[in-house]
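To start, the structure under review is shown below, and the notes come after it.
Every number here is computed from the coordinates shown, using simple stated rules; none is lab data. From a predicted model like this one, the values you see are computed outputs, not experimental measurements. Note: ideal-geometry Cβ built from the backbone for every residue, glycine included; neighbour counts use all protein chains shown.
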Amino acid sequence: MFALLALMAGLSAGSAVLHPRVDSPERVDAIVVVAGGRDDRYVYARHLAVEGVADSILVSQPPSTSGRYAAAIDSYCSSAPVVARDGRRVEIECFAPDVDTTEGEATAATKIARERGWESLLVVTYWGHVSRVRIYFEQCFDGAVYVTDTPRPLSKSRKDALLHETGGYLKAFLKPAC
């Protein structure tokens, strides 16, 4: 019986990693960008905000970031505010999670969202991370949570993503973030 349950859980996690549900809300209170350096999540978050999805972007800037990636995040964070074509000001704020994990990012972003009275978030990540990010943010945030991936996917192989993210997906169920 245990083997059957483990198989079912593994298949469910694998499906969630390889075929995640992505969202496209028209408007949210803020866009959250979880850390990651080899795709266009930062550019895409700014594009969504400029197009009117949100007026605020929160960017995870874990303390462990270094080198070119850290410099790119510093540059991104210092580019605020961005002025949209319609004249709106899009604020970009970087935050350092207490713990350098997806759970830590969800906890820190949720705390900021509560302090600001936000009721909806759109989280941007890469395709293989969408389902796990959704779990953690839904565990932590009481409002509406939407998650999307980027138009230019991370070049991580399906096999590598499946192995890494399936383990993280199962961990998210066994050890809630908040």
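Here are the numbers for this structure:
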quantity: The range 44-88 pair-distance distribution - Cα-Cα, 5 Å bins, rounded %; calculated: 5, 21, 28, 20, 14, 9, 4, 0
quantity: Spin-label model distance (nm) - Val43 vs Phe95, 7 Å beyond Cα toward Cβ; calculated: 2.7
quantity: GluC sites (Glu not before Pro) within the range 23-99: DSSP coil, no more than 10 neighbouring Cβ in 10 Å; calculated: Glu26
quantity: Loop trypsin sites (Lys or Arg not before Pro), the range 70-133, which have at most 10 other Cβ atoms in a 10 Å radius of their Cβ (DSSP); calculated: Arg85
